[in-house]
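The values are calculated or read from the model by the stated rules, or taken from the named source; none is laboratory data. Given the structure is predicted, the values throughout are model-derived calculations rather than measurements. Glycine also receives a Cβ, built like all others from the backbone with ideal geometry; neighbour counts cover every protein chain displayed. SASA here: full protein model, heavy atoms, side chains in, ligands and nucleic acids out. Shrake-Rupley method; radii C 1.70, N 1.55, O 1.52, S 1.80 Å.
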Amino acid sequence: DSIIKHLETIHEKHKEDTGPKKKLVWFLDENLDIKGKCNELIRQSEESLTIVTTDDGLEILFNAAHRLLDDMLENGVEIKLYSPLDPKVNPLARELSYIYQVKKVEVNTPILFINSDNKRFILAKLASRGSEKPFESAIFADDKELLGLVCLLLVNGHKEMLLKALNI
C-alpha cells in the first residue's frame with residue numbers, strides 16, 4: 001500500500017508539470033504606455049541593457065530617454081546598442097559610440113527591442129515615419145523562456161555578433 005501511495009504521489013506531481021504552461025504577456029497599444037514602459041524597463045536594469053532597433057527607433061529612444069540611459073550607465077549598467085547605423089559613417093551612431101557599445105547590424109523590421117538584464121523585455125512596433133505617435137503597439141513580458149524565443153526570432157538571419165549580444 002505504501003509503495004502504491006508513493007507512486008500515486010509521484011504521478012500526480014509529474015502530471016501537473018506536463019502540458020502547456022501559462023505565460024503572462026502584456027499588450028500595450030497606447031503611445032504613452034509604451035514610452036512609460038520603455039523608461040520603466042530601462043530604469044529597472046541592474047547589470048545589462050541590450051537595445052535592438054532601426055535608425056528611427058534609435059532616434060526615438062534617445063529623444064525620449066537619453067538622460068535616463070546616461071544615469072543607468074553611471075550606475076554601472078552595461079548598455080549595448082544594435083542598429084543599422086554605422087558608427088564609422090553616421091554622426092549619431094558615432095556620438096553614441098563614445099558613451100555606449102554601438103554595433104551595426106541589419107534590422108529590417110520597424111521595431112524597438114529592449115532586453116533588461118536578460119529577465120524582461122519590451123518589443124515595440126514603430127509607427128511609420130512622420131506619424132503623430134512613434135509607436136503602434138508593443139508587448140512586454142518578464143519571462144525568460146519567452147525572452148529566449150523572441151530573441152531567436154529577432155536574430156534569425158543576423159550576424160553572430162547579435163547572437164552573442166543577446167546571450168543566446
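Give the accessible surface of the chain per residue, rounded to a whole number of Å², with probe radius 1.4 Å and ligands, DNA and RNA excluded.
It amounts to 63 Å² per residue over the chain.
Among Ile122, Ser83, Leu147, which residue has its Cα positioned farthest towards the positive end of the charge dipole of the chain, with +1 placed on the Cβ of Lys and Arg, -1 on the Cβ of Asp and Glu, and the dipole taken about the Cα centre?
Working it through, the farthest residue towards the positive pole turns out to be Ser83.
Ignoring ligands, DNA and RNA, what percent of the accessible area of the stretch 20-87 is carbon or sulfur (1.4 Å)?
47
Given R₀ = 25 Å, FRET efficiency for His6-Glu145 by Cβ-Cβ distance, to 0.05?
Once the sixth-power term is evaluated, E becomes 0.20.
Largest first and in whole Å, give the semi-axes of the chain's equivalent ellipsoid, each being the square root of 5 times a Cα gyration tensor eigenvalue.
Result for the chain: semi-axes of 37, 18, 16 Å.
May I have the pair-distance distribution P(r) for the stretch 1-99, computed from all Cα-Cα distances with 5 Å bins from 0 and rounded to whole percent?
With a bin width of 5 Å, the distribution comes to 2, 10, 16, 16, 12, 8, 6, 5, 5, 6, 5, 4, 3, 1, 0, 0.
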